[in-house]
1. Would you calculate the separation in nanometres between label points at B:Arg317 and B:Thr81, each defined as 7 Å from the Cα along the Cα-to-beta-carbon direction?
2. Percent of alpha carbon pairs in chain A separated by more than 27 Å?
3. Express the C-alpha Rg of region B:348-464 as a ratio against the empirical globular expectation 2.2 N^0.38 Å, rounded to two decimals.
4. What value does region B:4-93 have for Rg/Rh, both radii from Cα atoms and Rh as Kirkwood defines it?
5. What is the log10 of I(q)/I(0) for chain B, computed with the Debye formula using one identical point scatterer on each Cα and no solvent, at q = 0.07, 0.08 Å⁻¹?
6. Magnitude of the Cβ-charge dipole of the protein assembly as shown, K/R +1 and D/E -1, about the Cα centre, nearest 20 debye?
7. Over region A:1-157, what per residue volume does the convex hull of the Cα atoms give, in whole Å³?
8. Summarise the accessible area of chain A (1.4 Å probe, protein heavy atoms) by the percent that is carbon and sulfur.
Amino acid sequence: MKLSSYFNDFIVEISLTEGQRDAAKTGHTTLRDRLMTDESLKPVVITTFLQGSYKRHTGIRPIGDERSDVDIVVVTNLDKDVCVPEAAYDLFNPFLEKHYSGKYRRQGRSFGITLSYVDLDFVITSAPSEATREALLSKSIGSNLTLEEAVDWRLNSDWIEPVSRRGLGADFIRKAQDNPEWKTEPLLIPDRELHSWQPTHPIAQLQWTRDKNRNTDGNFTKVVRIVKWLHRSDDSMPKHPKGYLIEHLVGEVCPDHFSSLAESVTISLEEISERYAGFAAERKVPKMLDHGLPSQDVFSRITGDEFKRFHSRISLAATQARGALDSDDANESASRWRELFGNKFPTPPGGTGGFTPRVAPTVPSKGTFA
Amino acid sequence: MEPNEAVRAGRRALEHIPGVKISSDFKWEDRSSSWLLALDITPGIAVNPWIPQTVSVYLRIEINYPFGDIRIFPAKDSGFTSTFEHQLFNDAGSDDVPYRNGEICASSEQWSMGTTSANFEPYTAEERLYSRVKRLCEWLVRAPNRNLVQQGDWFEIPHFPNTRAGRGHLAFIESPASLEIWAQSAKRIGIVRATKLNSGVQLITEFRNLNGSSVFTPSTGNLLNKSNSYDLGLWLLLSEVPTLEPYEAPSTWGQLYKICSIQNIDAVGLLKSGYPRLVAGTNQHLLLGFPIPERVGGEINRIHWQPIELPNIEKPRRVDGFRDPEVFHWRRARETWLSESSKINWKGSENWSSDQLVLRAPGGDEFENEVILLIGAGALGSAFVDLLARSGIRRGVIFDGEFLEAGNLIRHELTMNEIKQPKASALASQLNIISPFGQFDAINQFFNGESEQDEISSSEATLVIDCTGNIAALNAISKLNLESSKLFVSLSIAPNARYFFFFVSHGKSFPIDRYWQSINPILNSSEVIKDLTELPRETGCWDPRMPVSPEDVTAMASIGVRLLREYLLKSPEHPTLRVFEQQLTNDGAFSGYVEQKYG
């Protein structure tokens with residue numbers, strides 16, 4: 001059975017809590033405010049915007065000592081032909097020492113900041129093209145809302161956050177949907193290991209995710225979270241692929257226009273199992289082309305063994321999901337889903353023993369008078 | 001507002017009901033501080049004119065689930081528009097909500113689907129919503145099959161729009177007895193008169209024909225007999241309950257005319273004849289009456305009146321082109337607020353018949369025809385007679401020569417408003433406002449059994465009740481020599497409320513010797529004597545005060561009423577003393593009252 005209410009509650013349980021969302025928001029808004037107002041960076045920083053699983057709403061709830069993480073893009077006016085990657089990073093040292101001393105580290109392509117309540121990761125970009133610059137300075141790209149919080153997000157000058165639309169007519173709101181979006185180009189980020197500026201296209205990722213979510217009746221980002229959760233809770237899963245790689249893979253297979261999460265999850269797992277069976281059998285890794293940079297294969301670092309083990313676990317999960325979906329008995333179906341997804345999936349009423357609600361209670365609801 | 005785990009668990013349980021689909025998950029509704037849950041239900045019904053085979057409803061669940069209200073409404077979209085039994089009037093309701101007003105009564109406490117036992121609702125998170133929706137499914141099956149009510153069920157009046165069943169600011173008094181009066185009257189329309197109480201409620205005092213002659217004057221108590229009555233408007237009596245299929249009250253005048261026509265009643269003609277008798281101004285009503293049974297399929301039991309508030313009635317004035325201004329005003333009314341499409345402004349009403357008002361108390365009508373003579377309007381007497389008046393006793397005379405003092409209030413039913421007043425008349429006034437039927441009078445003297453008024457009061461009474469705890473009063477009662485037998489009762493409390501005494505006899509005189517024979521052994525017991533020698537005093541005052549707490553007075557008055565009910569059903573064969581002793585544990589804690597057997 002589809003058990004839509006069970007899946008709705010399961011999604012709540014594996015997503016960020018309200019406290020974690022608030023903490024993430026505090027962390028990234030503080031960082032972005034500081035980046036924009038820091039005297040040492042004022043000549044350099046143009047704007048900032050959110051990217052990554054937090055923005056796309058595909059991140060899952062941290063467990064134990066883990067913290068949620070937020071990815072930020074810092075757009076600068078650095079000339080890639082003049083400024084070497086190392087020097088670009090050095091520009092941010094005073095800022096980081098001032099505000100995050102002892103809490104930051106340089107990574108290959110980003111800075112990581114570890115706070116008690118959230119992890120922040122920001123990348124630096126070189127100067128964008130003029131066309132892209134206008135989009136990057138817009139309210140649209142600067143919004144703090146995730147793609148599930150702003151399902152009608154559009155990258156144009158007409159889009160504003162829902163809370164600011166009060167009093168505006170329907171025509172104004174329709175304009176954002178009808179008018180075209182800015183055409184943007186990939187951004188370049190400094191790669192310390194490669195000693196060169198490398199392309200990335202976070203905006204294209206956002207747009208692709210938004211469109212996919214729309215085509216799947218809002219289920220895509222939820223299916224991603226569920227499969228990520230499956231990966232994390234199954235000890236026999238290999239460490240990789242994980243994170244964005246799982247998200248990308250689900251994006252390839254998630255069916256359009258299934259209104260129930262149960263069906264979307266089941267078909268996605270079955271598709272992974274069937275479509276890539278040949279690759280797994282031969283210990284090969286399928287190419288997964290980046291949505292913004294089609295020349296790049298996001299699965300390039302996955303080994304054949306890893307993919308085979310991953311595929312095997314997914315195939316087993318697909319069988320379990322199909323059994324749960326096809327069951328006509330609500331108790332049995334709920335128990336099977338729970339067996340697949342773990343104890344964050346709600347228990348059927350009465351526990352796994354089954355639900356036999358009383359017709360009348362042993363104690364009347366109105367037994368006394370006063 | 002995020003739904004909590006309890007309500008989420010309740011909602012998940014609905015997935016276990018075949019034919020129920022959650023079409024839209026929780027949405028918070030600010031105006032009702034509740035969550036809305038939309039369901040599509042396919043209860044397995046045949047095609048019918050009223051309810052689609054898959055019907056949409058909204059559940060409105062209060063924030064403190066599994067407690068609080070769960071209310072169910074047909075959806076505006078894919079719901080249904082008819083009104084059935086066990087449902088409120090199903091109009092479209094407010095524009096800003098997705099559901100209609102026709103709340104479906106699927107609570108187990110409201111009807112038990114033909115069973116005689118009451119079904120109670122489970123109050124766990126998983127079960128309550130499940131249970132309610134299961135009953136909803138059953139309602140949806142029964143409604144189009146027209147078997148929501150069955151022979152023998154308690155009869156339910158259709159819900160009139162914008163009213164609350166059994167509640168209103170207009171009250172009438174109708175009973176099986178008054179039904180006989182209506183049955184003999186051939187009239188269908190007339191003038192209704194009312195009086196306004198301090199509370200703002202208008203109580204119907206008389207039904208008259210259009211020519212002014214009286215049809216029916218309900219019997220009421222002293223308070224109301226003294227009030228001013230006025231013309232409230234018209235009454236119009238139908239032959240049957242006015243409903244459209246399936247069980248919908250008319251909401252427009254056109255629907256009402258049609259219903260009347262089916263009953264062979266020319267409503268327009270009758271209203272036209274009565275219209276000139278309406279009083280100019282506001283507060284004019286049309287009372288629509290119809291006979292109702294107590295149970296479905298049972299005999300007609302009484303008339304129910306449902307008020308319609310009329311708009312401002314204009315004072316007839318001379319109008320060009322009309323010889324008779326009444327004709328002009330009638331035509332104008334007929335073209336405006338009495339036109340077919342015009343909405344009826346229904347108001348709520350209540351039946352204050354004595355059998356309806358005492359329904360909340362169990363027991364029969366033992367007290368209804370009794371007339372009491374109460375001697376002693378002190379603490380016990382006031383508590384005792386207060387309970388009797390609330391239980392249905394309507395008439396009586398109270399004797400007491402004392403005045404109410406502030407120190408009495410600890411145990412007395414009267415209030416600060418009455419101090420320094422004679423206890424008897426103050427208590428009688430209080431009793432007359434407890435019930436609309438109270439006809440209590442007072443004589444502000446001590447009863448001596450010899451004066452003319454003592455004798456008259458005694459002869460008219462059916463119950464002679466002593467609550468004095470006073471030897472002189474008992475002697476006075478013993479002097480009575482009556483022509484017919486009465487029930488004599490004497491109630492008293494021993495110091496420290498150790499004992500409660502209820503002495504009862506039936507005869508033409510009070511057997512005082514037998515009384516003392518019964519009670520003296522107990523009064524002379526060592527415990528009572530000890531209590532009597534240690535009575536408290538007010539500072540500076542020699543006279544002792546009786547140490548009985550207010551809760552003991554109330555408890556003993558309650559015991560007295562219970563015993564009196566029994567003896568009204570069956571008179572005592574011989575004079576009887578019933579003694580109840582307060583029980584205390586070794587540590588002095590209260591553990592009840594137990595009847596003791598003596599002699």
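1. 4.1
2. Numbers: 37463 of 68265 pairs.
Distances greater than 27 Å cover 55 percent of the Cα pairs.
3. Numbers: Rg = 14.6 Å, N = 117, 2.2 N^0.38 = 13.4 Å.
Relative to the rule-of-thumb radius for its length, region B:348-464 sits at 1.09.
4. Values: Rg = 13.6 Å, Rh = 14.0 Å.
A ratio of 0.97.
5. Result of the Debye calculation: -0.63, -0.79.
6. Working: 106 positive and 124 negative charges, 274 e Å.
Dipole of the protein assembly as shown, to the nearest 20 debye: 1320 debye.
7. Working: hull volume 21.9 nm³, N = 157.
Dividing the Cα hull volume of region A:1-157 by its residue count gives 139 Å³.
8. On the way: 8470 of 17230 Å².
Carbon and sulfur atoms account for 49 percent of the accessible area of chain A.
The values are calculated or read from the model by the stated rules, or taken from the named source; none is laboratory data. The model shown is predicted, which means the values in this text are computed figures rather than measured ones. With ideal geometry, Cβ positions are generated from the backbone for all residues, glycine too; neighbour counts draw on all protein chains shown. The protein model used for the area step is the full one, side chains on, heavy atoms only, and it has no ligands, DNA or RNA in it. Shrake-Rupley method; radii C 1.70, N 1.55, O 1.52, S 1.80 Å.
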